[in-house]
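Below: the structure, in structure tokens.
The values are calculated or read from the model by the stated rules, or taken from the named source; none is laboratory data. Note that the structure is predicted; figures quoted are calculated from it, not measured. Cβ coordinates were reconstructed from backbone atoms using ideal geometry, including for glycine residues, and neighbour counts include every protein chain displayed.
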Amino acid sequence: MTQGSDTYSATGEVGSVREKRTFWTRLKIDLKKSPWTARIGMLIIFFYAFVALFAPLIAPYGQAEVFPTPYAPWSSEFIFGTDQIGRDTFSRMIYGARNTVGIAVATTLLAFLIGGALGLAAAIDRSYFDQALSRMVDVLMAIPSLIFALVLLSIFGSTILNLIIIIAVLDSTRVFRLTRAVAINVVVMDYVEAARLRGEGLGWIMRKEILPNIMPPLIAEFGLRFCFVFLSIAALSFLGVGIQPPSADWGSMVRENAKMMIYAQFDPNVVLRPLLPATAIALLTVAVNFVVDWFLHKTSGLRDEH
Amino acid sequence: MSIKSEKGEVLLDIKGLEVEGFSDEKWHDIVKGVDVTLRRGEIMGLIGESGAGKSTLGLAAMGYTQPGCRIKVGEVNFDGVNLVKLSDAKMRSYWGNRMTYVAQSAAASFNPAHRLIAQTTAATLRSGNFSKEEAYGDARELYEALNLPNPHNIGERYPHQVSGGQLQRVMTAMAISPRPDLIVFDEPTTALDVTTQVEVLSAMRRIVENFNTAAIYITHDLAVVAQMADFIKVLRYGKEVEEAPTRQMLSDPKEAYTKSLWSVRSLKKKEHQGGDSILSLNGINASYGKAKVLYNVNIEVAKGTTVAVVGESGSGKSTAARVITGLLPQTAGTVEFDGKALPKELCDRSKEEKRRIQMIYQMADTAMNPRQTVSEIIGRPLEFYLGMRGSKKTARTIELLEMIELDEEFMQRLPSELSGGQKQRICIARALAAEPDFIICDEVTSALDQIVQEGILKLLMRLQKELGLTYLFITHDISTVKAISDQVVVMNKGEVVEQGQKTDVFKPPHPEYTELLLSSVPEMDPDWLTNLNVGRSSG
């Protein structure tokens with residue numbers, strides 16, 4: 001704050017004038033202040049993203065490549081051994097990152113596109129349109145989503161496209177409710193009214209006036225929703241209607257290796273086999289939640305006590 | 001309950017107080033070394049613009065700081081005890097017992113889930129000195145003393161069942177109930193209409209006098225502080241500018257800054273007759289759902305003039321603006337703009353019709369998208385209405401910024417990086433960007449400090465002269481009306497009570513409601529409230 005002169009001038013007016021910062025400096029400050037949990041979370045996410053992107057380069061073998069020795073022990077040739085038909089577990093873990101995480105990201109994005117757009121539209125147009133959509137969402141939410149997804153996948157067939165669309169539509173109901181709830185608080189603001197008075201269309205009001213102001217809760221929800229989608233894909237794969245063989249994915253790898261746990265009394269090492277993909281799932285879920293928690297804390301406006 | 005000890009003894013003695021707050025990764029000084037001496041039975045007025053540290057000092061006088069703030073150095077001696085040194089647990093025996101606080105927004109300060117009387121007496125009962133019957137009985141007496149309607153039963157209501165002015169008085173009762181030695185009033189009447197404000201002010205003053213309580217009265221309204229305070233302290237940038245007894249301060253301020261505060265009220269405008277009519281409301285009726293708000297409203301606005309619409313909240317003045325803009329279609333009557341009838345619904349109006357009528361809002365904070373920069377906010381109407389793009393748009397934006405006395409440096413700022421007055425200026429620039437003929441100003445200055453208000457009003461007048469604009473100025477502040485209007489429309493309960501040229505409206509005789517409204521506006525004369533109360537009770 002600078003000491004002003006005694007004559008009044010608009011530019012010299014004090015108030016909550018703060019230092020001017022660009023997006024990048026803001027980001028740098030935020031990152032510097034981030035807690036260690038968030039940093040670990042980000043590190044793990046970057047690692048997963050890297051593995052998923054460069055899977056063919058990192059993996060020593062192909063995901064469907066079959067070797068003559070099934071259930072090979074851990075060795076320098078097969079780092080995590082081979083599975084029941086002789087495929088390299090390590091390579092399948094790496095390809096699994098690509099399949100499982102890739103599908104989860106696509107599904108979550110689609111869910112947010114559908115749920116977000118409809119939620120915003122419902123918040124702006126509170127007439128019969130809102131009523132119709134909201135009641136439809138209530139109906140969809142009344143059915144347990146895992147069972148509903150199972151039924152739909154059995155009807156339409158478990159292709160990857162069907163999987164993505166069905167889970168996205170079922171999950172978009174939650175996104176719809178959140179978006180509508182937070183957007184309603186923004187719609188009543190004067191600047192939205194000012195945009196309407198100016199004669200702006202629905203698209204502009206949705207994208208430019210409301211969306212930037214409801215981003216924090218949506219991003220936080222994105223992280224959580226991603227975990228749930230991830231878990232439902234793993235669960236569906238475990239049940240056999242998710243990602244189909246020979247594509248590797250962590251959910252079905254857990255299922256295939258789970259049977260071997262009964263031999264644990266002869267070879268303690270087999271216990272680790274189903275646990276490896278399970279750990280991969282758990283680790284990513286925890287990492288995403290670390291980052292989301294930090295983000296939520298940052299945007300909730302809670303001041304640190306001094 | 002007995003009256004506390006005699007007048008004259010020093011109750012509060014603050015020495016070299018410095019308070020700092022944490023923001024932007026740094027500690028900033030908010031209060032920079034202020035001394036206060038307050039005796040029993042005295043009221044100190046604390047004035048200054050926002051950001052001067054008034055509220056922080058008021059709270060620090062109770063030994064309290066807001067989260068994110070701390071007392072750096074200094075002493076706060078209350079009745080001989082230095083509050084800065086006390087533990088939180090010890091402090092709690094003072095708060096709500098020997099010192100109380102009346103906040104600006106009573107509506108936001110009450111717990112909606114409890115009855116008023118329970119909240120009024122909560123602190124009193126906690127002290128353990130009184131039984132519940134005693135405290136409740138006393139609270140009812142206080143309600144009566146504060147002129148609350150139905151004082152014996154009003155305590156049984158919930159906060160949402162009484163009006164804002166009544167709630168503010170209940171809060172005063174709450175502050176008095178434990179018979180404190182010190183009360184801090186933080187802008188207690190800012191949110192109220194003038195007619196309600198008068199009642200609350202008289203009630204507060206009477207109570208403070210009766211119980212010989214010391215008080216700190218924080219406000220930015222000079223006329224109000226003139227009625228309340230024994231002496232006035234002016235703050236700026238966290239430092240004391242000057243302190244003097246009220247009468248002396250009003251008649252003979254020493255410092256240049258204080259003089260500039262005093263001069264704000266001298267703003268006057270020469271009255272215009274105005275030419276052809278640009279806007280006329282003919283027999284407008286409007287309603288929100290089943291509730292009727294406007295009854296047969298006729299308003300005539302001449303080109304190039306300022307028409308002030310005056311009235312209390314609920315008088316329908318903002319609704320009239322919504323009808324003009326098309327946000328609320330009228331149920332009867334027509335709105336004529338420049339000789340042609342405007343379509344009722346906003347979506348039926350052409351882009352050109354929308355462009356020519358612009359609006360500026362009361363709360364600049366909520367009228368600008370917090371995620372857009374100044375250049376986006378001002379640039380959008382340029383692009384939308386006039387099809388400007390690229391360097392042409394940038395050049396025009398800078399031109400507009402200069403027109404509102406800001407400069408290029410503000411282009412990339414977000415609204416949160418602006419002060420209150422600057423925000424309102426940006427809103428004015430956004431309206432100007434559309435090159436309108438007619439601007440509706442909805443209470444544009446009521447959320448601002450007086451010195452900033454004056455700047456905005458001067459700007460609006462200058463722009464009117466340069467660009468030939470017509471204003472419809474909605475306000476409840478009579479001094480603003482006196483300063484800028486050509487014609488005045490007085491509204492009450494959805495009807496136009498009186499309208500005409502400014503001099504005619506302000507010249508007696510008045511209709512009953514105009515009389516009440518005009519006489520309720522505080523004047524700088526320290527005897528004004530006393531005289532008014534004498535006049536009203538005898539008449």
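Details
- Residue match in region A:87-99 (condition: surrounded by fewer than 23 Cβ atoms within 10 Å (Cβ to Cβ), within 30 Å of A:Pro217 (Cα to Cα), small (Gly, Ala, Ser) and touching a residue at least 24 places away in the same chain (Cβ under 8 Å)): no
- In region A:202-238, the residues that are within 13 Å of chain B (Cβ to nearest Cβ) and aromatic (Phe, Trp, Tyr): A:Trp204
- Looking across region B:399-425, the residues that are charged (D, E, K, R), farther than 17 Å from B:Gln372 by Cβ and not in a helix (DSSP H, G or I) come down to B:Glu405, B:Asp407.
- Residues in region B:442-471 that are under 15 Å from the mean Cα position of the chain (by Cα), within 14 Å of B:Gln422 (Cα to Cα) and at pLDDT 85 or above: B:Val444 only.
- Residue satisfying all of: in region B:341-363; touching a residue at least 60 places away in the same chain (Cβ under 8 Å) and in a helix (DSSP H, G or I); farthest from the other protein chains (Cβ to nearest Cβ) among these: B:Arg356
- Sub-7 Å Cβ pairs linking a first residue in region B:154-171 that is in the same structural domain as B:Tyr101 (by TED's automatic domain parsing) to a second residue that is among the basic types (Lys, Arg), at least 6 apart or interchain, are B:Gly155/B:Arg115; B:Gly155/B:Arg140; B:Glu156/B:Arg115; B:Arg157/B:Arg115; B:Tyr158/B:Arg115, ordered by first then second residue.
- From the list B:Val496, B:Val481, B:Val521, the lone residue that is over 20 Å from the mean Cα position of the chain (by Cα) and away from chain A (no Cβ under 14 Å) is B:Val496.
- Residue within region B:440-454 that is without any contact (Cβ under 8 Å) to a residue 60 or more places away in the chain and assigned to a helix (DSSP H, G or I) present: no
- Test: residue in region A:92-106 that is in a helix (DSSP H, G or I), among the charged types (D, E, K, R) and closer than 26 Å to A:Tyr263 by Cβ: yes
- Residue satisfying all of: in region A:1-45; aromatic (Phe, Trp, Tyr) and at pLDDT 60 or above; nearest to B:Leu418 (Cα to Cα) among these: A:Phe23
- Residue in region B:391-398 that is modelled with pLDDT of 90 or more, at the interface with chain A (Cβ under 8 Å from one of its Cβ atoms) and assigned to a helix (DSSP H, G or I) present: no
- Residue match in region A:196-211 (condition: on the phi > 0 side of the Ramachandran plot and either free of Cβ contacts under 8 Å to residues at least 12 places away in the same chain or out of contact with any Leu (no Cβ under 7 Å at 6 or more places or on another chain) (or both)): yes
- Residue within region B:313-332 that is away from chain A (no Cβ under 14 Å), in contact (Cβ under 8 Å) with a residue 24 or more places away in the chain, over 27 Å from B:Thr480 (Cα atoms) and part of a strand (DSSP E or B) present: yes
- Qualifying residues in region B:414-436 (those that are more than 27 Å from B:Glu187 (Cβ to Cβ) and surrounded by 19 or more Cβ atoms within 10 Å (Cβ to Cβ)) - the one farthest from the other protein chains (Cβ to nearest Cβ): B:Leu432
- Residue in region B:458-468 that is part of a helix (DSSP H, G or I), within 9 Å of chain A (Cβ to nearest Cβ), aliphatic (A, V, I, L, M) and in contact with a helix residue (DSSP H, G or I) (Cβ under 8 Å, 6 or more places away or on another chain) present: yes
- Matching residues in region B:482-507 - criterion: being among the acidic types (Asp, Glu) and closer than 12 Å to B:Lys269 by Cα: B:Asp486
- When the strands (runs of 3 or more DSSP E) confined to region B:1-108 are screened for residues that are surrounded by 14 or more Cβ atoms within 10 Å (Cβ to Cβ), modelled with pLDDT of 85 or more and within 14 Å of chain A (Cβ to nearest Cβ), those reaching at least 2 such residues are found at B:10-23, B:26-39, B:69-78.
- B:Val452 being within 14 Å of chain A (Cβ to nearest Cβ), buried (at least 21 other Cβ atoms within 10 Å of the Cβ), in contact with a helix residue (DSSP H, G or I) (Cβ under 6 Å, 6 or more places away or on another chain) and not aromatic (Phe, Trp, Tyr): yes
- Here region B:364-376 is the region considered, the condition is being crowded, with 23+ Cβ neighbours inside 10 Å and in a helix (DSSP H, G or I), and the residue that is farthest from the other protein chains (Cβ to nearest Cβ) is B:Val374.
- Condition check for A:Met141: out of contact with any Phe, Trp or Tyr (no Cβ under 8 Å at 6 or more places or on another chain) and farther than 23 Å from A:Leu109 by Cα: no
- Residues of region B:490-511 that are of a type in the set (S, T, N, Q) and not in a strand (DSSP E or B): B:Thr503 alone.
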